[in-house]
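Structure record follows, encoded as structure tokens.
Rule-based calculations on the coordinates, nothing more; no lab input. Given the structure is predicted, the values throughout are model-derived calculations rather than measurements. Here the Cβ positions follow ideal geometry from the backbone for every residue, glycine too, while neighbour counts run over all protein chains shown.
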Amino acid sequence: MPWGVAVAAVGAYASSSAQKKAAKAAAGASQQATDQTVAEQRRQYDQSRADQLPFLQAGQGALKRQEAYLTGDTSGFENSADYKFAVDQGFKGLNRGLARNGALWSGGGDADRIALGQGLATQYGNNYWNKLAGQAGQGQLSANTLGGLGANMANNIGTAYGNNALAQSQSAYNRANANSALYGQATGAFNEWYGGKNKSLNGGFYLGNQPGKG
């Protein structure tokens, strides 16, 4: 085989190998970047969920206490700190006033205590409900926030996987092209060598029997 043909064949092989290595490296880099992107998206979501979880749990607890209050379980309200403080201070003040007037255990005193208790229950019952509603609203907001973050994470991960799939497809395409080019160049080199060999035979370099010669 002529040296020129051999050199061309070796060069074609080296070029093809370099192209395939580059395509493989690009595919590996794309996969690594995708894995890192997905991991970071999940880390960010997990951190955000951990940050939002106390508000979510508080909201869920408040909603349960609202449901209990509506069904007649007033223990949460009766044990709430602000209501207990108001009842304690209110009755102490009322009883001191009634005692000064000598009416602590009078019918009027009992009526005043009943009126005070009803008033405090109504006022602080509304306050209790509104506070629970505020906590439940915080929980709902946290749930909505986490839902949005989850949707964004899913979209970002889907995009990363889609881009990686395109990169992997392009890498496979480039490697196939490199192989095709190598086969084409190898075929061309063989044809060039084979054509040169036949030309040498037809040009009289063949030493065996030829037509018309003994």
Need the full-extension length gain, residue 116 to residue 172, defined as separation in residues times 0.36 nm minus the C-alpha distance. One decimal, nm.
11.9 nm
Testing the spin-label approximation: label points 7 Å from Cα along Cα→Cβ at residue 31 and residue 50. State their distance in nm.
3.0 nm
Pull out the extension gain between residue 101 and residue 42, defined as 0.36 nm times the separation in residues minus the alpha carbon to alpha carbon distance; nm, one decimal.
14.2 nm
Segment 116-175 and segment 60-108: distance between their alpha carbon centers, rounded to Å
38 Å
Distance in nm between label sites at residue 24 and residue 161, each 7 Å beyond Cα in the beta-carbon direction?
2.7 nm
